[in-house]
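Beneath this line is the structure, given in structure tokens, with notes to follow.
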Amino acid sequence: MGVLNVTPDSFSDGGQFSDHTTAIKHAQKMIAEGADIIDIGGESTRPGAQKVSETEEINRVLPVIKALREQNPDITLSIDSRHPEVMAAALHAGADFINDINALQQEGAMEVALASDVPVCLMHMQGTPETMQDNPRYDNVVQAVLDFFEQRVEACMRAGMDADRIILDPGIGFGKTVSHNLTLIKNISTLKQMGFPVLIGVSRKSMFQSLLGRSVGERLAGSLAVAQFAYFQGTDYFRVHDVAETRDLLTMSQHFIQHDTD
């Protein structure tokens with residue numbers, strides 16, 4: 001899953017692809033590098049980020065979705081949004097995947113998802129982007145995430161969603177300390193026991209500043225190390241900025257698994 005932030009203020013690439021022409025060109029580059037999904041977002045959800053209006057978010061993402069759908073009819077286009085109005089507009093424009101950091105909890109989001117048959121990624125987040133890094137606390141972060149997923153999966157299925165549409169994301173960096181992040185990454189195999197595909201997004205995140213002292217542009221090695229560790233625990237989807245490098249890493253990792261079974 002290649003990250004495409006059509007925003008002026010995302011933590012890693014804010015402003016780089018806020019122009020629609022530039023955003024479309026970057027998406028095509030990621031597709032050429034091997035992305036299976038392009039995850040298009042029009043609102044930054046970095047720690048401390050401020051909300052934007054649904055209208056502004058729609059104006060940012062819709063021209064990109066429409067152009068990419070016309071140019072790449074077979075690629076999966078994901079809408080990265082917590083707002084049902086944005087989800088609905090994106091799906092109508094050609095998106096075929098919902099990536100919701102709020103796990104369909106906002107009023108109206110469940111109804112939008114149920115009106116389609118697309119995959120839905122439910123993410124765990126403590127708090128909101130505006131407040132989530134204000135001293136996050138858990139008695140047991142793995143159990144808290146498991147309990148949250150059990151509740152959200154039950155809500156989705158009770159509402160009529162097929163289980164095979166559901167994907168889970170533990171929300172690395174969303175209301176978690178570095179210690180919480182590491183604990184969750186080490187326990188992805190535990191999350192997999194719920195029986196749903198798992199998506200992980202750690203690419204270029206601030207944990208690499210804390211752990212390695214690396215600035216945003218220097219976090220590729222750390223991101224790849226986590227991706228490989230997560231892959232060997234069964235992670236199914238990888239949300240990344242560096243598509244070609246991650247694709248090579250995962251391809252090589254697959255060779256090791258195939259070699260063991262041949």
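Rule-based calculations on the coordinates, nothing more; no lab input. Keep in mind the model is a prediction, meaning the values are calculated, not measured. Cβ: placed from backbone, ideal geometry, glycine included. Neighbour counts: every protein chain shown.
Just a few scattered comments:
- Centre-to-centre, using Cα atoms only, the range 85-159 and the range 203-262 are separated by 24 Å.
- Rounded if a/c under 1.5, otherwise prolate or oblate - the range 35-170, Cα gyration tensor axes: oblate
- Equivalent ellipsoid dimensions for the chain as semi-axes, Å, which come from the Cα gyration tensor, largest first: 25, 22, 20
- Here the simple spin-label model places points 7 Å from the Cα toward Cβ, and for residue 72 and residue 164 these points are separated by 2.5 nm.
- The chain, dipole about Cα centre (Lys/Arg Cβ +1, Asp/Glu Cβ -1), debye to the nearest 20: 620 debye
- Separation of the alpha carbons by more than 29 angstrom is noted, of 51/176; 25/205; 25/51; 66/176, for 66/176.
- Here's how it looks for residue 76: its modeled amide H is under 5 Å from those of 38, which are all 5 or more places away or on a different chain.
- Gyration tensor verdict on the range 33-111 (Cα atoms; rounded if a/c is under 1.5, prolate if a/b is larger than b/c, oblate otherwise): prolate
- Rounded to 5, percent antiparallel among DSSP beta bridges of the chain: 0 percent
- Qualifying GluC sites (Glu not before Pro) for the range 151-252 [loop in DSSP, other Cβ within 10 Å: at most 12]: none
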